[in-house]
Structure formats: structure tokens, C-alpha cells
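Undergrad: This is the structure, below, for whatever I ask next.
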Amino acid sequence: MAEKAVHQFDLNLSGEEEVQQPKRRRHNQHQIQELESFFKDCPNPDYRQRRALGLELGLELQQVRYWFQNKRTQLKAQHGHLENMQLRAENERLKVENWSHMEHLKNAACASCGGPVLREMSDTERRLRAENVQLRVEIDRFSEIAAQYIGKPVAASDNIPHSTAP
């Protein structure tokens, strides 16, 4: 049995008929309580369940169907809002944690020499540090050669200060 909405026809000033939609009817408190109770057990009722509920509550089948559809949409929106709030809170927590880590890095010291820790090196600085390592190797090699001629060990690279590279 197909249920149809009742439409009213009025004549406008030009004499043409206008179709007016039926007025919205609000559900009473008892109907809402019963629908809510049924929704807790079964958020997606089938045709028979909706029809039986509609007959019990004095509602049209379409009204019951729309109520359940709207209720599911409302819950989905609430769930999305709650999830959004949780994600915002997590984001704020991570921002604070990140800020704390950044502050810690600004004041960090090298574990081996106690000097400041460099966060990022430029290409020039990397090149200079690599060159410094090569020079240390050469100094050590020359120190070994000089030690052979002098007859005692010469450790020249021990007297050269190390960089603060980690």
C-alpha cells in the first residue's frame, strides 16, 4: 500500500492553482521516547518494523522512515564532531610537545665536548667539516713520519681542538 502526502490547492491572484506542501507535524513526547527506545535496539529497522512502529505510534510509514534516517545522520554528525574535537586536542598536545622539544634543542649541549649542538649544517659547513677530517688524517700521517725521524712520538692532532660536530 503506497502512502501519499495530502496536498492542498489554492488559487493565486492570476487564477492558477498552486500546490502547497502539507504542514510539518511534530512528534509528541511519547512517540519520540518510543522511537528513541527502538533506535537503541535497532538503528536500521526494515520495512515491517517501520510499519509496525508507525501503526503503534500513529505515524505514517514515511514519517518513521525519515525519523530514523535523520537520527542516524544526527548521530553521525555528533560522532564526527566528537572525533574532530579529539583530533584538535591531540593536535594541541602535539604542538606543545613539539614546542618543548624545540626549546630543549635550543639549549642542548654536545655529550662529548659540552659545546652547543648544531641542528642543521649548511653545505659550506659540511664541506669544511669534511675538509677538517681530511686535514686531521694528514696531520696524523705527518706526525708519524716526524716521529720516525725524531725518534720520539709526536701527536700533533691531540693539540688541535675538535669541532662541536655531533
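The values are calculated or read from the model by the stated rules, or taken from the named source; none is laboratory data. Note that the coordinates shown come from a computational prediction; the quantities given were computed from them, not determined experimentally. Methodologically, a virtual Cβ is constructed for each residue, glycine included, from the backbone with ideal geometry; neighbour enumeration extends over all protein chains shown.
Undergrad: Show the residue pairs meeting these rules: Cβ distance below 9 Å; 6+ apart or different chains; first residue within the range 24-36 and loosely packed, with under 12 Cβ neighbours inside 10 Å; second residue of a type in the set (D, E, K, R).
TA: Sorted first by the residue in the range 24-36, then by its partner, the pairs are Glu36/Lys71.
Undergrad: Ok, one more. Where the second residue is part of a helix (DSSP H, G or I) and the first is polar (S, T, N, Q) and lies in the range 62-75, which pairs have Cβ atoms under 8 Å and are six or more apart or on separate chains?
TA: Cβ pairs passing all conditions: Gln63/Gly54.
Undergrad: Quick one: which residue in Arg129, Arg136 is closer than 27 Å to His104 by Cβ, assigned to a helix (DSSP H, G or I) and modelled with pLDDT of 65 or more? Give the steps one after another, and end with the answer.
TA: On the way: Arg136 fails: closer than 27 Å to His104 by Cβ.
On inspection, the qualifying residue turns out to be Arg129.
Undergrad: Just one of Ala109, Ala77 is of a type outside the set (Val, Ile, Thr), surrounded by 10 or more Cβ atoms within 10 Å (Cβ to Cβ) and in contact with a Gly (Cβ under 7 Å, 6 or more places away or on another chain); which is it? Explain how you work it out, then say what you get.
TA: Numbers: Ala77 fails: in contact with a Gly (Cβ under 7 Å, 6 or more places away or on another chain).
None of the other options fit; the residue is Ala109.
Undergrad: For the range 43-73, name all the residues that are surrounded by 13 or more Cβ atoms within 10 Å (Cβ to Cβ), of a type outside the set (A, V, I, L, M) and over 24 Å from Lys23 (Cβ atoms).
TA: Step one: list which residues in the range 43-73 are surrounded by 13 or more Cβ atoms within 10 Å (Cβ to Cβ), which gives 45, 49-54, 57, 59-65, 67-68, 71-72.
If we keep only those that are of a type outside the set (A, V, I, L, M) too, we end up with 45, 49-51, 54, 60, 62-63, 65, 67-68, 71-72.
Across the range 43-73, the qualifying residues are Pro45, Gln49, Arg72.
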